[in-house]
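The block underneath contains the structure these notes are about, expressed in structure tokens.
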Amino acid sequence: MSLRIVRCDRIASTQDRARELLAAGDEGPFVVVARAQAAARGRRGRTWISPEGGLYASLLVPYEALLPQRLGVALVRALRRFGVEAALKWPNDVTVDGAKLAGILIERIADRAIAGFGVNLEPVAVDGATSVRQVTGRAVAAQALLEAILDELETAGSDLLRAYRAVLSTLGRRVRIERDDGVVIGEAIDVDEHGRLLVRGAAGVQAIASGDCVHLRPTD
Ligand code: BTN
């Protein structure tokens, strides 16, 4: 994907910077990239620890319904180019052997989306996290990975749901989905055309649009 790159040193959040540029009349497309972030945001009100040495970026692009899935597929495919055996845990946590390597945050503003992603290239002091350095034993340059992600974003458009299912480690697993309005436990059997997870549980099959997903052991 050919778009303008806005490079920043240490800033609060690339999401916020992209939002400021949009508010000032810049409708993109562009990608804001920072060397480090002081107040980066994750999903569901969490923070994203962003020391120097990681890849932190936010795309400002036209909104599209399956953008989270497209970006998730692009991240996984780009990481695999560098020998990282990445997969997606629904909805779009990038993991290696169950440890979190990268996260995605999509924020919609009218007909635009700010699609942010953070990739741990070096170890971070976060429980349950891993990094490219830890899983490959070597360094990958942030710029090289960014270019690969932008490249994969171009191609992830055709037959996106098939590509999404192919990298989704959640399918076939017993899961617990934590939502603001409660918890759903069951077997993740598929994703529908909106990217919702179909979970077969005690109440039948439910289509779930968002939430935190935990992969359970079959006996849990
Ligand atoms: C998650 O909770 O898994 C999503 C994490 C998203 C973090 C990225 S880092 C770049 C961009 N700027 C932010 O403030 N957040 C996103």
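Nothing in this text is a laboratory measurement; each read-out follows from the coordinates by a stated rule. Model, not experiment: these values are computed from the prediction. Backbone-built Cβ (ideal geometry, glycine too); neighbour counts: all protein chains shown.
Numerical summary
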{"quantity": "Sites Leu216 and Ala23, calculated FRET efficiency, Cβ-Cβ separation with R0 35 Å, nearest 0.05", "calculated": "0.25"}
{"quantity": "Most mobile listed residue (Gly54, Gly28, Gly195) in the chain, GNM with C-alpha springs under 10 Å", "calculated": "Gly28"}
{"quantity": "In degrees, nearest ten, helix 142-155 long axis to first principal axis of the chain (Cα)", "calculated": "60"}
{"quantity": "Residues of segment 187-211 with amide N under 15 Å of the 7 Å Cα→Cβ point at Arg44", "calculated": "197, 208-211"}
{"quantity": "Degrees separating the helix 67-81 axis from the principal Cα axis of the chain, which is the longest one", "calculated": "80"}
{"quantity": "Amide proton proximity set for Ala40, modelled H, under 5 Å, gap of 5+", "calculated": "Trp48"}
{"quantity": "Nonlocal amide H pairs with Val61, under 5 Å, H built at 1.01 Å", "calculated": "Ala113, Ala115"}
{"quantity": "Student exercise, segment 1-130 dipole from Lys, Arg, Asp, Glu Cβ charges, in Debye to nearest 20", "calculated": "120"}
{"quantity": "Relative contact order (%) - criterion: Cα under 8 Å, at least six apart; region: segment 174-215", "calculated": "39"}
{"quantity": "More than 10 Å apart - percent of Cα-Cα pairs taken over segment 174-215", "calculated": "66"}
{"quantity": "Per DSSP, loop chymotrypsin sites (Phe, Trp or Tyr not before Pro) in segment 56-123 with at most 12 further Cβ within 10 Å", "calculated": "none"}
{"quantity": "Fraction of the pair-distance distribution of segment 89-220 above 20 Å, Cα-Cα pairs, percent", "calculated": "54"}
{"quantity": "Gaussian network model of the chain, springs between alpha carbon atoms under 10 Å - residue of Gly83, Gly116, Gly53 with greatest fluctuation", "calculated": "Gly83"}
{"quantity": "Segment 156-213: GluC sites (Glu not before Pro) in DSSP coil with no more than 12 other Cβ atoms inside 10 Å", "calculated": "Glu193"}
{"quantity": "Helix axis angle, 14-23 relative to the chain longest principal axis, alpha carbon, degrees", "calculated": "70"}
{"quantity": "Cα centre as origin, Lys/Arg/Asp/Glu Cβ charges: the chain dipole, Debye", "calculated": "380"}
{"quantity": "Positive-end residue, the chain charge dipole about Cα centroid, Cβ charges, pick of Val135, Leu67, His215", "calculated": "Val135"}
{"quantity": "For the chain, the spread of Cα positions along each principal axis, largest first, Å", "calculated": "49, 41, 32"}
